[in-house]
1. Taking only pairs six or more apart or across chains, which ones have beta-carbon atoms under 8 Å, a first residue in segment 307-334 that is away from the ligand (no atom under 16 Å from the Cβ), and a second residue that is among the β-branched types (Val, Ile, Thr) and open to solvent by 60 Å² or more (accessible area, probe 1.4 Å)?
2. Would you check if residue 89 is out of contact with any strand residue (DSSP E or B) (no Cβ under 7 Å at 6 or more places or on another chain) and either surrounded by fewer than 21 Cβ atoms within 10 Å (Cβ to Cβ) or modelled with pLDDT of 75 or more (or both)?
3. Tell me, which residue of segment 155-176 that is more than 13 Å from residue 280 (Cα to Cα) and within 16 Å of the ligand (Cβ to nearest atom) is most open to solvent (accessible area, probe 1.4 Å)?
4. If you take the residues in segment 110-121 that are without any contact (Cβ under 8 Å) to a residue 12 or more places away in the chain and not polar (S, T, N, Q), which one is least open to solvent (accessible area, probe 1.4 Å)?
5. Taking segment 54-78 as the region of interest, how many residues are at pLDDT 90 or above and within 12 Å of the ligand (Cβ to nearest atom)?
6. Search segment 1-22 for residues being open to solvent by 10 Å² or more (accessible area, probe 1.4 Å) and more than 20 Å from residue 72 (Cα to Cα), and hand back the single one that is nearest to the ligand (Cβ to nearest atom).
7. If residue 231 satisfies all but one of (1) basic (Lys, Arg); (2) away from the ligand (no atom under 16 Å from the Cβ); (3) within 27 Å of residue 325 (Cα to Cα), what's the number of the condition it fails?
8. Scan segment 40-64 and report the pairs whose first residue is more than 16 Å from residue 11 (Cα to Cα) and whose second residue is among the charged types (D, E, K, R) and part of a loop (DSSP other than H, G, I, E, B), with Cβ atoms within less than 9 Å and a gap of 6+ or a chain change.
Amino acid sequence: AKNAAVAVIPAAIMADGICVIDNLPYIEDVRCLYTTLNKIGIECTYEDKHTLKIDSVNDICTKVTFDEVRKMRASYYLLGALLARFKKAEVAMPGGCNFGTRPIDLHLKGFRALGAQVEVNGEIVCVKAEKLKGASIYMDTVSVGATINIMLAATMAEGTTTIENAAKEPHIVDVANFLNMMGAKIKGAGTDVIKIVGVEHLHGAEYTIIPDQIEAGTYMIAAAITKGRVKVQNIIPTHMDSLSAKLIEIGINIEEGDDYITVDATDADFKATSIRTMAYPGLPTDLQPQMAALLSVCEGTSMITENVWEKRYQYIDELKKLGAKITVEGRVAIIEGVKELSGATVEATDLRAGAAMIIAALNARGETVIGEVKYIDRGYEEVENK
Ligand code: UD1
């Protein structure tokens, strides 16, 4: 899972031993982290395409410049990880997908609560502490990034930290499992209260990260829109529950096994439905654009309510070029289903928007040309081959 990988790799810096992380996607965000780690003095090597060995025993520079992390929003996890182990960090502000203000105030509020001094100088965030002390932290908004970042810092703080109103996404559990394997004492990840008893040292560990919920979901929706029958393997089916429920409502058959889901849309008459994006276990905002592509060809009027990102409809104009009928009012998109889409030249306006263009193009009559595929490469490995 991309979003697990971009947190687990920085977390590995916290060990004073060697970590080997397996099942990593070979994507731009991970390669960017690999380069960044090597630049700051960590020996990071690819054992194979999907396995990184991270050796942070030696001296490390705790300063990460804009050049290194420009393209990657999740550089913010380097703050929490470096602060935990070295009690200081200077990291350039996140890049990544642009769909609205993406503040990190909750991350910084959490670091302050743990006793760190925080300074923001233009695009650079500096954090430092004599020592970190456990605290009770209530999250005003449910935030995946802030939950993980505070968990990283608190792992090596003195005493106990409680994070209330924590996010519950599968990759939060994954990061906690990895930290616990390194010797951390974290309980409650995956619920809305996480308890962390700080430890002084973490040791190296070998870890296999979880499969990607959003990648799996993207292929499930692609199978549906082509009226195909596709088995998506090596996944955790329960992570897909919110999506499976919606596909069933649309009229698509879903069959679940231990580690696979078969999507069968061969006889489906697509019916319109409504979706609302929410934090886990709700329907992920990262599947919203792909679902919009599918809803564009469902009979009747569908409605999307986007509850997480204020500007996540930038791709709608591109979808309209392919013949979709959509109007947007604030957080709501209203979709009038058409029989089929038709090919056009479009752009990937961000990572998941790019995935939506591919899904729409698979349905569209004629040829579609998608530009700015660099966004898609940030999160999907060999999407064209798969
Ligand atoms: C992560 C995912 C991203 C996904 C998002 C929501 C990674 C690397 N990225 O992003 O793909 O779309 O979760 O599932 O895991 N907020 C604040 N202050 C903060 C932090 C967040 O107000 O300090 C708000 C945001 O504006 C947003 C909401 O909280 O409205 C959720 O954001 P958050 O869960 O933090 O998203 P990310 O961790 O950035």
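The values are calculated or read from the model by the stated rules, or taken from the named source; none is laboratory data. Please read all numbers here as calculations on a predicted model, not as lab measurements. All Cβ positions, even for glycine, are placed from backbone atoms using ideal geometry, and neighbour counts span all protein chains on display. We work out accessible area using only protein heavy atoms, side chains counted, and drop any ligands, DNA or RNA first. Shrake-Rupley method; radii C 1.70, N 1.55, O 1.52, S 1.80 Å.
1. As it stands, the answer is 316/328; 321/345; 333/327; 334/301; 334/327; 334/328, since those pairs meet every condition given.
2. Numbers: out of contact with any strand residue (DSSP E or B) (no Cβ under 7 Å at 6 or more places or on another chain): no; either surrounded by fewer than 21 Cβ atoms within 10 Å (Cβ to Cβ) or modelled with pLDDT of 75 or more (or both): yes.
The answer is no for residue 89.
3. First, the residues of segment 155-176 that are more than 13 Å from residue 280 (Cα to Cα): 155-164, 174-176.
If we keep only those that are within 16 Å of the ligand (Cβ to nearest atom) as well, we get 163-164, 174-176.
Working: 163: 0, 164: 81, 174: 5, 175: 0, 176: 3 Å².
Here the answer is 164.
4. Step one: list which residues in segment 110-121 are without any contact (Cβ under 8 Å) to a residue 12 or more places away in the chain, which gives 112, 118-119, 121.
Applying the additional criterion that residues be not polar (S, T, N, Q) yields 112, 118-119.
On the way: 112: 123, 118: 25, 119: 104 Å².
So the residue we want is 118.
5. 2
6. Among those that are open to solvent by 10 Å² or more (accessible area, probe 1.4 Å) and more than 20 Å from residue 72 (Cα to Cα), it is 22.
7. Failed condition: (3).
8. Here the result reads 49/381; 50/381, each pair linking segment 40-64 to a residue that is among the charged types (D, E, K, R) and part of a loop (DSSP other than H, G, I, E, B).
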